[in-house]
1. Look at the chain and say how many of its residues are in a helix (DSSP H, G or I) and basic (K, R).
2. Of the residues that sit in the stretch 3-27 and are of a type outside the set (A, V, I, L, M, F, W, C) and touching a Leu at 6+ places or on another chain (Cβ under 9 Å), which one is surrounded by the most Cβ atoms within 10 Å (Cβ to Cβ)?
3. Can we say K30 is out of contact with any Pro (no Cβ under 8 Å at 6 or more places or on another chain) and either among the aromatic types (F, W, Y) or surrounded by 12 or more Cβ atoms within 10 Å (Cβ to Cβ) (or both)?
4. Looking at the stretch 41-58, which of its residues are of a type in the set (A, V, I, L, M) and within 24 Å of K12 (Cβ to Cβ)?
5. Which of the residues belonging to the stretch 33-48 are touching a Lys or Arg at 6+ places or on another chain (Cβ under 8 Å) and surrounded by 14 or more Cβ atoms within 10 Å (Cβ to Cβ)?
6. Anything in the stretch 14-36 that is in contact (Cβ under 8 Å) with a residue 24 or more places away in the chain and of a type in the set (V, I, T)? List them, or say none.
7. Determine if the stretch 31-38 includes at least one residue that is among the hydrophobic types (A, V, I, L, M, F, W, C), under 17 Å from E57 (Cβ atoms) and at pLDDT 80 or above.
8. Residue pairs, Cβ under 7 Å, 6 or more apart or interchain, first in the stretch 37-58 and without any contact (Cβ under 8 Å) to a residue 24 or more places away in the chain, second surrounded by 12 or more Cβ atoms within 10 Å (Cβ to Cβ). List them.
Amino acid sequence: MFKKKNKIINLKPLVESNNDDFRIPTLFLKLQKFFYENKISEEERKKLSRMLNAYYEG
């Protein structure tokens, strides 16, 4: 879930979608949020993002 100006956005329907076009980007957003909250450096986030992108495009 993401908060937007004190409003919680439920991503569960997108995460559980059978459509990869919705599910994968939503999981990616959740992963980026996790990295940010756990103070993973921007460079490390970029590296991990590139690896995931290569995996899903391959």
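The values are calculated or read from the model by the stated rules, or taken from the named source; none is laboratory data. Please read these numbers as outputs of a predicted model, since none were measured by experiment. Here Cβ is always computed from backbone atoms with ideal geometry, including for glycine, and neighbour counts include all displayed protein chains.
1. First, pick out the residues of the chain that are in a helix (DSSP H, G or I): 12-15, 20-37, 42-57.
Adding the requirement that they be basic (K, R) leaves 12, 23, 30, 33, 45-47, 50.
Number satisfying all stated conditions: 8.
2. Filtering the stretch 3-27 down to residues of a type outside the set (A, V, I, L, M, F, W, C) leaves 3-7, 10, 12-13, 16-21, 23, 25-26.
Still in the list and also touching a Leu at 6+ places or on another chain (Cβ under 9 Å): 23, 25-26.
Details: R23: 14, P25: 12, T26: 17.
Looking at the filtered set, the residue picked out is T26.
3. So K30 fits the description; yes.
4. L48, L52
5. F35
6. If the condition is that a residue be in contact (Cβ under 8 Å) with a residue 24 or more places away in the chain and of a type in the set (V, I, T), then I24 is the only one that fits.
7. Yes, there is a match, as at least one residue in the stretch 31-38 is among the hydrophobic types (A, V, I, L, M, F, W, C), under 17 Å from E57 (Cβ atoms) and at pLDDT 80 or above.
8. Qualifying pairs under 7 Å: R45/Q32; R45/F35.
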